[in-house]
Amino acid sequence: MKLLVVGSVALDSIHTPFGEVTDALGGSAVYFSKAASLLTPVRVVGVVGDDYPMAELRKVTGKDVSLDGVEKATGESFRWRGKYNYDLSARETLETRLGVFANFNPKIPAAFTDSPFVFLGNIHPDLQLSVLDQVKRPQLVACDTMNYWIDIAKDRLMEVLKRVNLLIIN
């Protein structure tokens, strides 16, 4: 059983009342892959800049996560900076820098196209559709989206929803 995960691979800087961290590994593809790898092998597709600590990513994700689909592009990696309140139930985005993620166009490696299970991370619906067009007959597709895509690309998102089995709204 193989799971294809397509989404963001980022560096996050987070401030909480309990401490802060700068340039921590982040992004939907990273967190989802780590969690899913406890149950099944995972294949990741994403993009990072030439400043991304791939050695650290390999340590965090472990041996059951293939990073062969993570493209390294010239430029800065996607970065998000935010602040959480005391109860951690709400967050404020302080800065988003897309970097190389702004031009992300998922290219699914040939060895990954037979993945029976697909998780489409929170990316533009056109990119999600592109991924689905590249994968051969997936058995189960889960999709993550948010109000941003609903507001600016609702028609394209509706096309994605026709082709998925599970929807997660972040």
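Hey, with R₀ at 22 Å, roughly what FRET efficiency would residue 59 and residue 22 work out to, going by the Cβ-Cβ distance, to 0.05?
0.75
Using 0.36 nm times the number of residues separating residue 15 and residue 147, minus their current alpha carbon distance, what extension gain do you get?
Extra length available between residue 15 and residue 147 comes to 45.2 nm.
How much FRET efficiency would the formula 1/(1 + (r/R0)^6) give for residue 107 and residue 50, where r is the Cβ-Cβ distance and R0 is 22 Å, rounded to 0.05? If you can, show how the numbers build up before the last one.
Details: r = 18 Å, r/R0 = 0.82.
My answer for the efficiency is 0.75.
Nearest-5 percent of antiparallel DSSP beta bridges in segment 1-51?
Given both bridge residues lie in segment 1-51, the antiparallel proportion sits at roughly 60 percent.
Could you rank 169, 123, 14 by how accessible they are, 1.4 Å probe, largest area first?
169, 14, 123
Ignoring ligands, DNA and RNA, please state the percent of accessible area on the chain from carbon and sulfur, probe 1.4 Å.
Details: 4930 of 9180 Å².
Carbon plus sulfur share of accessible area: 54 percent.
Considering Cα pairs under 8 angstrom that are at least six residues apart, work out the relative contact order of the chain and quote it in whole percent. Intermediate values should be presented prior to the final figure.
On the way: 370 pairs, mean separation 37.5, N = 170.
RCO, the chain: 22 percent.
Run lengths n ≥ 4 of DSSP H only: what is the helix-derived mean residue ellipticity at 222 nm for the chain, with -39500 (n - 2.57) per run over all residues, to the nearest 500?
-6500 deg cm²/dmol
If you work out Cα extents along the principal axes in Å from the coordinates, which of [x] 46, 36, 32; [y] 62, 37, 27; [z] 79, 37, 28 do you get?
[x]
Say R0 is 35 Å: what FRET efficiency, to the nearest 0.05, do residue 137 and residue 169 get from their beta-carbon distance?
Numbers: r = 26 Å, r/R0 = 0.74.
So, using R0 = 35 Å, E works out to roughly 0.85.
Among 45, 74, 94, which residue has its Cα positioned farthest towards the positive end of the charge dipole of segment 28-157, with +1 placed on the Cβ of Lys and Arg, -1 on the Cβ of Asp and Glu, and the dipole taken about the Cα centre?
45
Could you provide, to the nearest whole Å², the per residue accessible area of the chain with probe 1.4 Å?
Spelled out: the 1.4 Å probe surface of the chain, per residue, equals 54 Å².
The values are calculated or read from the model by the stated rules, or taken from the named source; none is laboratory data. A quick note: this is a predicted structure, and the numbers were derived from the prediction, not measured. Cβ atoms come from the backbone with ideal geometry, glycine included; neighbour counts cover every protein chain shown. Accessible surface is based on the protein model in full, side chains and every heavy atom, while ligands, DNA and RNA are left aside. Shrake-Rupley method; radii C 1.70, N 1.55, O 1.52, S 1.80 Å.
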